[in-house]
Structures are given as structure tokens and as C-alpha cells.
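K.L.:
Below is the structure I would like to discuss, written out as C-alpha cells.
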Amino acid sequence: MSLPIDQVKRIAHLARIAVTDAEAEAVQADLNRIFALIEEMNAVDTSGIEPMAHARDLTVRLRADEVREGDQHEAFQAVAPQVEAGLYLVPKVIE
Amino acid sequence: MINASLKELADALAARRVSAVELTEHCIERIGRLDKGLNAFITVDPGRSLEQARAADARIAAGHAGPLTGIPVAHKDIFVAKGWPSTCGSRMLASFVSPYDAHVVERFNDAGAVVLGKTNMDEFAMGSSSETSWFGPVRNPWNVDRVAGGSSGGSAVAVAARLAPVATGTDTGGSIRQPAALSGVCGLKPTYGTVSRYGMIAFASSLDQGGPFARSAADLAVLLNVMAGFDARDSTSLERAPEDYARELERPLPGASAGKPLGGLRVGVPSEYFSAGLASDVASAVESAIDELKKLGASVIEVHLPNTGLSVPSYYVIAPAEASSNLSRYDGVRYGYRAPEYDDLVDMYCKTRAQGFGAEVKRRILIGTYVLSHGYYDAYYLKAQKIRRLIARDFTDAFRQCDVIAGPVTPTVAFALGAKVSDPVQMYLNDIYTIAANLAGLPAMSIPCGFGSEGLPVGLHLVGDYFTEARLLGIAHQFQKATDWHARVPAGYA
Amino acid sequence: MEWETVIGIETHAQLSTRSKIFSAASTAFGAAPNTQACAVDIALPGVLPVPNRGAVERAIRFGLSVGGAIAARSVFARKNYFYPDLPKGYQISQFEAPIVQGGTIQTVLPDGTEKTVRLTRAHLEEDAGKSLHEDFHGMTGIDLNRAGTPLLEIVSEPDMRSAGEAVAYARTLHALVRWIDICDGNMQEGSFRCDANVSVRPAGSDRLGTRCEIKNLNSFRFLERAIDFEVRRQIEILEDGGRIDQETRLYDPDRDETRSLRSKEEAHDYRYFPDPDLLPLEVKDEWVAAERAALPELPAAKRDRFVCELGLTAYDAATLTGSRETADYFDAVTAALVLREPGGDARAGAKTAANWVMGELAGALNRAELEIDRSPVSAQQLAGLIARIRDNTISGKIAKEVFDALWAGEASGDDAADSIIQAKGLRQITDTGALESIIDGIIAANPAQVAEFRGGREKAFNFFVGQAMKATKGKGNPAAISEILKRKLAG
């Protein structure tokens, strides 16, 4: 597989990572080599094999519906880039 | 003191021959003197450490000491610790001081251990050499121009250079075993679900597992007794009765005798692990170690793990896929790095993440984003998950014939710093022997078993069936009673 | 050209758990910003989700109440996208394997016809936080209190053919989730929000047209108006030879129109995959059986019973089952009535009771802005009143006066209506002797009107009825008065 440069840029944008043209080209070369490795998977027939999403075939444990957390926003917001009136501030969201 | 076992240290502390404060000061002094050349630690905070040491001394004096009370432990900087910078080796979290403790940290704190500092690592645990850290590469004490292995290189080196008696790490594709092997210490990755992942910054959730580093298997058992156990805050944490991981250290296997402590043990050696990619110096050290196991009474048989070759390709789909999603939370909104200049919200995201993450992390995010994206999911992600099952089945089949699998941890001894940085595929292939245990969720460990070219350490890989940590530790302990590879100290660090 | 409208609805119902779906933070509405957003909700490094049994339990209850299949194994998946109110950069939802599959909602339209809407699925997911767009130096404020609140997303098939059907469906669904106590249904607070997928096609066509999704409709009125607007908009475009673009639109209530949500420059690519932090969700048969056993009688069953056993019209039955509280109240009235009238005509009694509950009582509650479970007139008291109408102790007109006194709390106890009738002397005069002498007096005093009536002016009869009621202060039994008057005037 050869990943075209516009695909590299599309993925980078989907992942919200800014890339310059030069970076995109460097990444493209790396990704193409990595995907050549990954595509070794195609050598094996996996039809009829159940995908394995977890390390063990177990089921999830559930929690009782209880409130056990209190207000910690001051401690949490001490490490926030920008806050005001208890809110996290971000550049204006345009709908 | 720096070569004492945990048992000896605990005895010395109990007998008041040494105090926790003295022990901690001794470690801090060594770090101050020796770590400049190694870069094993990202953060040390003597004030905080000594405060904990004083509390430990009070606890010892009051007669409430446990086996780890007063013992300094170095935590991989992937474990968040309240009040400590918890950076994960990334610029993204360089200024992040955690408001809470990871479960593992909490366990050590409850046991009275002292947090000695936070160790260096590949950024977000993505790497096999501890070179991708925002805080610079970790160096190998056996040869400072060589890599320490990764991603938990700082923890491995802290133990190898006797900067800390013990340390914690995490293993997603070999990140405990690989640096343990390359730095000449012991490291154990338990069965998935044994150690809570709560507060362990996620790389690939279905593969990540915390574990200990120490200089001996006996010390690993003491550490695992503290680290392991059910935690309701991690829904993949296993609800099992607590066990004593030291219980099989001295207990001979059924069929064992005094002269043959491993009598009755069936050691499986996968032929696939001794193929073209394995360097001859590593192969011969590992083969000698397997001969040693035989001398101790084990029988050795050949087993097959036919899908071994597919473990790297499938891992480099699954781990980046999970990582691409796990790392989406680093967006510059609630904590961590935010780009200083941007045009709008999307630009803020893109610049924050471009500047906050290093090249390898970005590479893996891009791989993961791509394999999950529309039209590629089945061909990559689902395919990799199916291969994951084939790999897990290989082990199920092998464990019908043997009790433990033995082989190499890494294809070569520690390589030169910078040698593989520009070639990600070569870097990824370092993990060829370790990844499968993560994909299958099996316990596995690395113990020193000799030296290869240029006097660099070689690790012996032991992989067990689910929940056989105690047996793995017993085998390793018997090996270490018969050999002294684990007791060797790199020159200049004795 | 004739056009047919096709509507499917996706509803987000906030589940009424105390704690969030994946964290132990409170779900209470209205707290100060970010005071109910714990480490898991704000996605600190290292935190992990642990699913809430209460949310799963509510999803099972819903699935059973619509006759859907409860998946023995369902899967939590991540839906990846960046948005400041989505702290993890992904929403935990269910994608390929939802907990509820299939099921139906039966609703009754205003004309009394029944309509069945098929459900595709219902799945569990977490809510996002809120973006506050008021000006913080040109920035947006993010409050994550709502982040992680459990949602059940209920997806219908495109089975509705008009805004009216869509509203009927939404109302029935709204009543149901409150009925089975899984959602408080508070639409102002956003506990129950609808997205409508609207398309039009030439009548008779069996191909679906291109649809637009109208997001976040938080009242039935907006739902109706937004669909009406959207249908008109699409038909206009098509009739002008244009083409509908598949897009997401927002309804603006101030302008009463939908407008395109300027979608991102890229197509959405959510990269769904099974959440590696969460093992598959297993629901064992025993759990389903226990939830089934605990379910109350459901609105559709109750509606059928009201129609078949009590002889109510389908529409009245639908109205009375509009909420569980109303239905329970009505059930209590009819049950009390049966006890008060052994051997009486239960069906006739039920009809009267239905009229009172939907009429006088609903009106009074509405004026007082009270819910029926807070009604000052208890079901027992209303039954006592109805019993006195039915045994002719009071007339319907006097009954309204008694009801007002009951409402005002002028008497207490189950027999409060009797106390009021007694105290105010409202008992109807049915004693024919007494009525006859009153009527004799009226006839004697009004010879001119008698002559008129006997001369063929039948309207004059009403004059005598009026005089008789006036003389009895409204307590004369109208039927008896009429009968006596007819007899005497004829003479």
C-alpha cells in the first residue's frame, strides 16, 4: 500500500495534529514502511476467527448506583490552562 | 546496603540498624551523584520523599511495619502520584501535577514505602529504547552510549545502577521485560488484570499492565504482593482471592528433589524464537540458561508458536488504534500543554497536539487513526484482532505440552543510542518476542542470564499460563540460587 | 405532485440514576459549574470508566416495556471526535451490539386511530458537557457537570408520516419512560430530547428520499413545528427541481425555521471501535426475568383494559394513560366506585369517572399548575362525588359546586363529598310530593304562560322548568320536575 499525501493530511487533521508539508512527507515515508510491515497480516487466512478485543474473554463488572464523588473542581482546575468562574475556557465554539 | 535484598533491608530497618530516612538519603545521594549520566529520573523531590521516610520510621518504631515499610521505590512516570509532576515523558504533561494517586502508588504508600522519584520513559510508553522522552534519553549503566531499553528504561536503570532498590513499570508490548533484559535487572509483567490500571496513564488499554522491577525474583514477589489485587475503579481488574506470590519460591515443584529443585518442570522452547533475527550472542546466553534449567531438573521440549511472526504487525495495529483514542484527551482544554498561539478552536487543538507530542507518539496516533478510519477498519483493526486470537491460541496449545515457555527477550543486546531512531520498523521489531504475551494477556518476566557482546546483559524470557506468576517467580528464584547473573553490578555503580 | 413525509426519531432520554454512567459523580441538575465533574468525567490522565448497574437496569426495563430483545451480550464502543465538551475526545456509546434491539411503540392519534412505530434499537451512552457561549472575553466556557450522565438513545424506524404522528410517538415514548421510572422526562432540563430525521418522497414511492436530521428538539411543539417547516422546505426545493443535501439542521424557535448546522469541513469519521477499557456487557436471563417481574402494568396494556373492560373510547383511554399518575388515579377512582356501588354498572361509572378526571379535575389541576399526584381532591373523594351523581343525590350542576368545595378543602375524609352535600343542603329534591306542591304553586301563579303552552307554544315549557329549579334552588331533580310538569300542564 502507498498512502497518498492528501490521505496523510486528512488523517492528521482527523487526529487534530498540525503538519507542515515537509512533515507530512516525512511521515508519509514512515507510514508506508510501517504499513508494509502491518500488511504481513494478509498472509494468514483469518476467516471464521472471532476478533479478540480484550486480553481475556471476560465480561464487565458493574458498579452499584451510588454517588461517591464530591466537588473537587478547585484542585482539578489548579492545573488547567485557562479557567474562569469555574468554567474551562476555550476559543469560541462556532455552531 | 545498595546490594541488599528487600528482606535484608526490612530486617535492618526492623532492627534499627538503618532508618528509612538514612536509606532514602542514601538513594537521593546516589541519584544526585550518578543520575546526571543516566537520566533515569524525571523528578526527584527529596523533601517529599524524606517526609514519607520519617513517617515510615515512626511506623517501624510503633511496630506496624510491613515488608515494604521504609523502602524507597522509584515509580515510572506513567503512574500519577498526588502532588508529584506526572509527565509520562511528554511535553504535553510536563507541567501536570496530579491531583490524585494511581492505585499502584496508593498501594505502595499504604505499605509505608517511600516514593523516591518518578522515572524517565519513552513518551507515553511508546518506544523500545527510552529515547523518545521529552526529558531526553535514558542511558544504559553498562555502557552509557547504549540504550536502556524501553519504555520503562528509567525504572530499569534506577535498579541496575543501584539508585533505587526497586521500581515500578508498565508493559504494553515488552516495556518492562525489554529494558529489564537490556539493563540487566529482573522485571515481571503479570497476567492482564492483576495490577489495577487506575492512575496508570493509558497507552493501549487492552495490553497495558503494571509490574515490578527488582534485582531478584524474590524481591519481585514481595513487590507484586503489594501491587497486585482487585481495584473497583478498574473494571478490567480481576476479582480474585489475594495470593502470596512468594509462596512457590522455595517450594519445590511436585516431582522435585533437593538436588533437582525444578524436577518435573516442563520447559517449552519455541523454535520460532531461535530464528534468523536472533543475534548469536543472545542466543548462546539464552541457550546456556535453558541448559541451567535442565541441570536444575527441568525437562526441555520444543514447542511451536506458529503465529509469532504476526505479533508485531498485529500489535502495531491494535496498540496505535487504542492509543490514538486514549490520547485524544490531551487537547489543551483541562490540563497539560496548550499552544501559546492559535487562530481558533481547531487550530488550538492542532497546534497543541503538534507541539505537545513528540514524533513517535504522533506517528502512532496517525497509524491508529488510519486503521480505525472509515473503510479501513475491517482490513486492519478487525484483521489484527483476529490474528490476536490466533496468537493467544498458539499459547493455549503450547501450554498443553509445557508449564513455562523460555526464550530470548530481545533479538540483540542494547543497541547504540540513536541507532534505530530514524527507522521505526527496525525499532518495532525489537519487540518481536515480548508482544505476544501482551496480546494474549499472559504473565511473563525477564531475568538476567548472562552477557553478550561488549559485556552487555542478556535476559531470559519466561512466559507462563494465566495466573502462574508464583511459579514463574519460583523458577526464576531457583535459577538465581544456582547462578549470580542477577547480582552483577555495572562498573562504576557498585 | 403529492408528497409523502417520512420521519424517524432518535430520542436521548437521560436515565434517572443517582450517579453517572461511568463514574460515581452525582447527576443532579443545576449544580455550580464543574462541581459535579469528577476525575473520570474530566478525563484526567489514568482514570477509567466503571459502568453503573442502575443504568443497565433501566435499559433492560425499557427494552422489556417495548417488547424488544435484550442482548445477552452488548458492547461499549468509542465514538471518536474532538469537541471541548467531550473531555476524552470520544464518547462511550454502543454501536454494533446495542443492549436493546427491536420493539414497538403503540400510540393513538387524536382521531382515535392506532399507530404502531417500530423501534430499531436502544443503546446506552454517556452525555457530553455543556458549552456556554456567553462572552468570556470572546471565549467559550465549558461546564462538565452533565458529562457522563447516562443516556438511553432510542432509535425508531422511519415509520411516521406526519408531524402529528411524530408528536404522538414522542408523547407516548415520553409517557412510557416516566411510567417505567427510568427518566424524569423533564424536557426543559434536557432530560428528554428528540432528533427528527425527515425526508419526503413522491406519494406511492417506496424509495426513501434524502433525509435531514433536525437536532435537539426539546419540546413537543418545537418537534411539530420543526418538522412542518422542514417538510415544506424540502417540498419547495424538490418542486423547484432542486436536490436535498443530507445534513444536520437546527430548529430556531424564534424564527420558526430550521437552518443548516455549518458542518465541519470534513465528513464525520467517528472511528468507532470496542472500548478497550470495558469488557463486553453481559445480561443474564435471571436479571431480565427479575426486571420483567418488577415491571408495572404498562400503558398499552392499561389502555386495552380501559377500552375492553370499562368501555372507554380509545382516545379517552390514551389520554388517561398519558401518565402513570393519571392512570393510577383513574384506576383508584373506578375501584372506589365499584366498592361504593356493589352490583352497579361499572362501565357507566367508568365513563363518568373518565369525564371527571379528564374534565373538571384536569382543568383545576392545570389552573393550579399541579400534578395529579398532588391533587387536593383524592381519588376516594372524587369517587364519593361521582357516586352521588349516579344515585341522583345531586345533579351534575350541583356536583361542580361540590367539587369546588372539595378542591377548597371544605371537608376531609373519603366521604368529604357527602359532608359537603349535607352541610350545604345540596341534596336533590326527588320527593315527588314536595315537587308537586311547588309546581302546583308555579302553575297557579302563571296562568298566562300556562295558556301559551297549552296554545301550542312548546318553548314555554322551559319557563316552567326554570321556575321550578329556581324555587328548589337548583336541587330539584330535573327528570322528576320535567315528568310532573308534563303531566300537569297537559291536564
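K.L.:
If you take the residues in the stretch B:432-447 that are in contact with a Ser or Thr (Cβ under 9 Å, 6 or more places away or on another chain) and more than 12 Å from every other protein chain (Cβ to nearest Cβ), which one is surrounded by the fewest Cβ atoms within 10 Å (Cβ to Cβ)?
P.N.:
For the stretch B:432-447, the residue satisfying everything is B:435.
K.L.:
Does residue C:405 qualify as being assigned by TED's automatic domain parsing to the domain that holds residue C:355 and surrounded by 18 or more Cβ atoms within 10 Å (Cβ to Cβ)? Spell out the reasoning first.
P.N.:
Details: assigned by TED's automatic domain parsing to the domain that holds residue C:355: yes; surrounded by 18 or more Cβ atoms within 10 Å (Cβ to Cβ): yes.
It is true that residue C:405 is assigned by TED's automatic domain parsing to the domain that holds residue C:355 and surrounded by 18 or more Cβ atoms within 10 Å (Cβ to Cβ).
K.L.:
Let me ask something else about it. Taking the residues in the stretch C:70-84 that are open to solvent by 20 Å² or more (accessible area, probe 1.4 Å) and over 30 Å from the mean Cα position of the chain (by Cα) as candidates, determine which candidate is nearest to the other protein chains (Cβ to nearest Cβ). Break it down into steps so the answer makes sense when it comes.
P.N.:
Applying the first criterion (open to solvent by 20 Å² or more (accessible area, probe 1.4 Å)) to the stretch C:70-84 yields C:70, C:72-73, C:75, C:79, C:81-83.
Next, from what is left, pick out any that are over 30 Å from the mean Cα position of the chain (by Cα): C:72-73, C:75, C:79, C:81-83.
Numbers: C:72: 10, C:73: 7, C:75: 8, C:79: 10, C:81: 9, C:82: 5, C:83: 8 Å.
Here the answer is C:82.
K.L.:
Here's another thing I want to ask about it. Give me the pairs, please: first residue somewhere in the stretch B:247-268 and over 15 Å from residue B:299 (Cβ atoms) and in contact (Cβ under 8 Å) with a residue 12 or more places away in the chain, second residue anywhere and of a type in the set (Val, Ile, Thr) and surrounded by 18 or more Cβ atoms within 10 Å (Cβ to Cβ), beta-carbon distance under 9 Å, and either six or more positions apart or on two chains.
P.N.:
Between residues of the stretch B:247-268 that are over 15 Å from residue B:299 (Cβ atoms) and in contact (Cβ under 8 Å) with a residue 12 or more places away in the chain and residues that are of a type in the set (Val, Ile, Thr) and surrounded by 18 or more Cβ atoms within 10 Å (Cβ to Cβ), the close pairs are B:248/B:475.
K.L.:
Just give me the residues in the stretch C:123-148 being crowded, with 21+ Cβ neighbours inside 10 Å and charged (D, E, K, R), in sequence order. Spell out the reasoning first.
P.N.:
Going residue by residue through the stretch C:123-148, those that are crowded, with 21+ Cβ neighbours inside 10 Å are C:123-127, C:129, C:140-148.
Selection gives C:125, C:126, C:127, C:143, C:146.
K.L.:
Still on this model: If we keep just the residues of the stretch B:325-341 that are facing another protein chain (nearest Cβ under 7 Å) and of a type outside the set (Gly, Ala, Ser), which is farthest from residue C:140 (Cα to Cα)? Break it down stepwise before answering.
P.N.:
Applying the first criterion (facing another protein chain (nearest Cβ under 7 Å)) to the stretch B:325-341 yields B:325, B:328-329, B:331-335, B:338.
When the remaining residues are screened for being of a type outside the set (Gly, Ala, Ser), the result is B:329, B:331, B:333-335, B:338.
Working: B:329: 18, B:331: 15, B:333: 11, B:334: 13, B:335: 16, B:338: 16 Å.
So the residue we want is B:329.
K.L.:
Give the stretch B:86-103 a look and list any residue that's within 10 Å of another protein chain (Cβ to nearest Cβ) and not polar (S, T, N, Q), or say none.
P.N.:
B:88, B:92, B:93, B:96, B:97, B:99, B:100, B:101, B:102, B:103
K.L.:
For the stretch C:183-231, enumerate the residues that are more than 24 Å from the chain's Cα centre (by Cα) and among the aliphatic types (A, V, I, L, M).
P.N.:
Residues satisfying the conditions are C:200, C:203, C:208, C:231.
K.L.:
Further question on the same structure: Looking at B:392, B:359, can you tell me which residue is touching a residue at least 12 places away in the same chain (Cβ under 8 Å), under 20 Å from residue B:322 (Cα atoms) and open to solvent by 50 Å² or more (accessible area, probe 1.4 Å)?
P.N.:
Values: B:392 fails: open to solvent by 50 Å² or more (accessible area, probe 1.4 Å).
Unique residue meeting the criteria: B:359.
K.L.:
Taking the residues in the stretch C:318-331 that are farther than 9 Å from residue C:299 by Cβ and open to solvent by 40 Å² or more (accessible area, probe 1.4 Å) as candidates, determine which candidate is farthest from the chain's Cα centre (by Cα).
P.N.:
Here the residue is C:328.
K.L.:
State whether the residues of the stretch B:68-86 include one that is out of contact with any His (no Cβ under 8 Å at 6 or more places or on another chain), within 25 Å of residue A:72 (Cα to Cα), open to solvent by less than 60 Å² (accessible area, probe 1.4 Å) and polar (S, T, N, Q).
P.N.:
Yes, the stretch B:68-86 contains at least one residue that is out of contact with any His (no Cβ under 8 Å at 6 or more places or on another chain), within 25 Å of residue A:72 (Cα to Cα), open to solvent by less than 60 Å² (accessible area, probe 1.4 Å) and polar (S, T, N, Q).
K.L.:
Now a separate question. Assuming residue C:315 fulfils every condition listed in (1) touching a residue at least 40 places away in the same chain (Cβ under 8 Å); (2) open to solvent by less than 70 Å² (accessible area, probe 1.4 Å) apart from one, which condition is it?
P.N.:
With (1) touching a residue at least 40 places away in the same chain (Cβ under 8 Å); (2) open to solvent by less than 70 Å² (accessible area, probe 1.4 Å) applied to residue C:315, the lone miss is (2).
K.L.:
How about the stretch B:329-356: which of its residues are small (Gly, Ala, Ser) and surrounded by fewer than 20 Cβ atoms within 10 Å (Cβ to Cβ)?
P.N.:
Our first condition is that a residue be small (Gly, Ala, Ser); within the stretch B:329-356, this holds for B:332, B:336, B:339, B:354, B:356.
Correct list: B:339, B:354.
K.L.:
Starting from residues that are out of contact with any helix residue (DSSP H, G or I) (no Cβ under 9 Å at 6 or more places or on another chain) and among the aliphatic types (A, V, I, L, M), keep the ones in the stretch C:173-207 and report whichever is farthest from residue C:118 (Cα to Cα).
P.N.:
Per the stated criteria, the residue is C:203.
K.L.:
Given the criteria assigned to a loop (DSSP other than H, G, I, E, B), more than 14 Å from chain B (Cβ to nearest Cβ) and farther than 30 Å from residue B:381 by Cβ, does residue C:62 qualify? Don't jump to the end; show me each part of the working.
P.N.:
Numbers: assigned to a loop (DSSP other than H, G, I, E, B): no; more than 14 Å from chain B (Cβ to nearest Cβ): yes; farther than 30 Å from residue B:381 by Cβ: yes.
Taking the combined requirement at face value, the residue does not satisfy it.
K.L.:
Quick one: is residue B:123 of a type in the set (Asp, Glu) and open to solvent by 10 Å² or more (accessible area, probe 1.4 Å)?
P.N.:
Values: of a type in the set (Asp, Glu): yes; open to solvent by 10 Å² or more (accessible area, probe 1.4 Å): no.
So residue B:123 does not fit the description; no.
K.L.:
What is the one condition in (1) over 26 Å from the mean Cα position of the chain (by Cα); (2) over 30 Å from residue C:225 (Cα atoms) that residue C:247 does not satisfy?
P.N.:
It fails just one condition, (2).
K.L.:
Is there any pair linking a residue in the stretch C:117-142 that is facing another protein chain (nearest Cβ under 8 Å) to one that is open to solvent by less than 20 Å² (accessible area, probe 1.4 Å) and of a type in the set (Ser, Thr, Tyr), with Cβ under 8 Å and at least six apart or on different chains, and which?
P.N.:
C:131/C:140; C:132/C:140; C:133/C:140; C:141/A:88; C:142/A:88
K.L.:
Let me ask another. Pick out the one residue from C:173, C:151 that is under 30 Å from residue B:348 (Cβ atoms), away from chain A (no Cβ under 12 Å) and open to solvent by less than 20 Å² (accessible area, probe 1.4 Å). Lay out the reasoning, then the answer.
P.N.:
Values: C:173 fails: under 30 Å from residue B:348 (Cβ atoms).
So the residue among C:173, C:151 that is under 30 Å from residue B:348 (Cβ atoms), away from chain A (no Cβ under 12 Å) and open to solvent by less than 20 Å² (accessible area, probe 1.4 Å) is C:151.
K.L.:
Across the stretch B:362-382, what is the total count of residues that are within 12 Å of chain C (Cβ to nearest Cβ), of a type outside the set (A, V, I, L, M) and free of Cβ contacts under 8 Å to residues at least 24 places away in the same chain?
P.N.:
In the first step, residues of the stretch B:362-382 are kept if they are within 12 Å of chain C (Cβ to nearest Cβ); the result is B:365, B:368-378, B:380-382.
Within this subset, residues satisfying the condition of being of a type outside the set (A, V, I, L, M) are B:368-370, B:373-378, B:380-381.
From what's left, free of Cβ contacts under 8 Å to residues at least 24 places away in the same chain: B:370, B:373-378.
Here the count works out to 7.
K.L.:
Hey, among the residues in the stretch B:231-246 that are within 22 Å of residue C:45 (Cα to Cα) and without any contact (Cβ under 8 Å) to a residue 40 or more places away in the chain, which one's nearest to the other protein chains (Cβ to nearest Cβ)? First the steps, then the outcome.
P.N.:
Start the filter on the stretch B:231-246 by keeping residues that are within 22 Å of residue C:45 (Cα to Cα), which leaves B:231-238.
Going one step further and asking which of them are without any contact (Cβ under 8 Å) to a residue 40 or more places away in the chain, we end up with B:232, B:235.
Numbers: B:232: 7, B:235: 5 Å.
It comes out as B:235.
K.L.:
Restricting attention to strands (runs of 3 or more DSSP E) lying wholly within the stretch C:200-296, give those where 1 or more residues are surrounded by fewer than 15 Cβ atoms within 10 Å (Cβ to Cβ) and free of Cβ contacts under 8 Å to residues at least 24 places away in the same chain.
P.N.:
Numbers: elements: C:212-217, C:247-252, C:257-260.
Strands (runs of 3 or more DSSP E) meeting the threshold: C:247-252, C:257-260.
K.L.:
If residue B:114 satisfies every condition in (1) open to solvent by 10 Å² or more (accessible area, probe 1.4 Å); (2) more than 14 Å from chain A (Cβ to nearest Cβ) but one, which is the exception?
P.N.:
Failing condition for residue B:114: (1).
K.L.:
Of the residues that make up the stretch B:177-184, is at least one of a type in the set (S, T, N, Q) and surrounded by 24 or more Cβ atoms within 10 Å (Cβ to Cβ)?
P.N.:
Yes, the conditions are met somewhere in the stretch B:177-184.
K.L.:
I'm checking my understanding of the structure. Among residues of the stretch C:15-35 that are open to solvent by 30 Å² or more (accessible area, probe 1.4 Å) and among the polar types (S, T, N, Q), which one is nearest to the other protein chains (Cβ to nearest Cβ)?
P.N.:
Taking the stretch C:15-35 first, the residues open to solvent by 30 Å² or more (accessible area, probe 1.4 Å) are C:16, C:18, C:27-33.
Checking the rest, the ones that are also among the polar types (S, T, N, Q) come to C:16, C:27.
Numbers: C:16: 10, C:27: 8 Å.
The extreme case among them is C:27.
K.L.:
Name the residues in the stretch C:334-371 that are open to solvent by less than 20 Å² (accessible area, probe 1.4 Å) and among the aliphatic types (A, V, I, L, M), would you?
P.N.:
C:336, C:337, C:350, C:353, C:354, C:357, C:361, C:364, C:365
K.L.:
Next up: For the structure I just gave you, tell me whether residue B:20 is under 20 Å from the mean Cα position of the chain (by Cα) and either open to solvent by less than 60 Å² (accessible area, probe 1.4 Å) or within 14 Å of chain A (Cβ to nearest Cβ) (or both).
P.N.:
Numbers: under 20 Å from the mean Cα position of the chain (by Cα): no; either open to solvent by less than 60 Å² (accessible area, probe 1.4 Å) or within 14 Å of chain A (Cβ to nearest Cβ) (or both): yes.
When the stated conditions are applied, residue B:20 does not pass them.
The values are calculated or read from the model by the stated rules, or taken from the named source; none is laboratory data. None of these values were measured; they are calculated from a predicted model. Note: ideal-geometry Cβ built from the backbone for every residue, glycine included; neighbour counts use all protein chains shown. We work out accessible area using only protein heavy atoms, side chains counted, and drop any ligands, DNA or RNA first. Shrake-Rupley method; radii C 1.70, N 1.55, O 1.52, S 1.80 Å.
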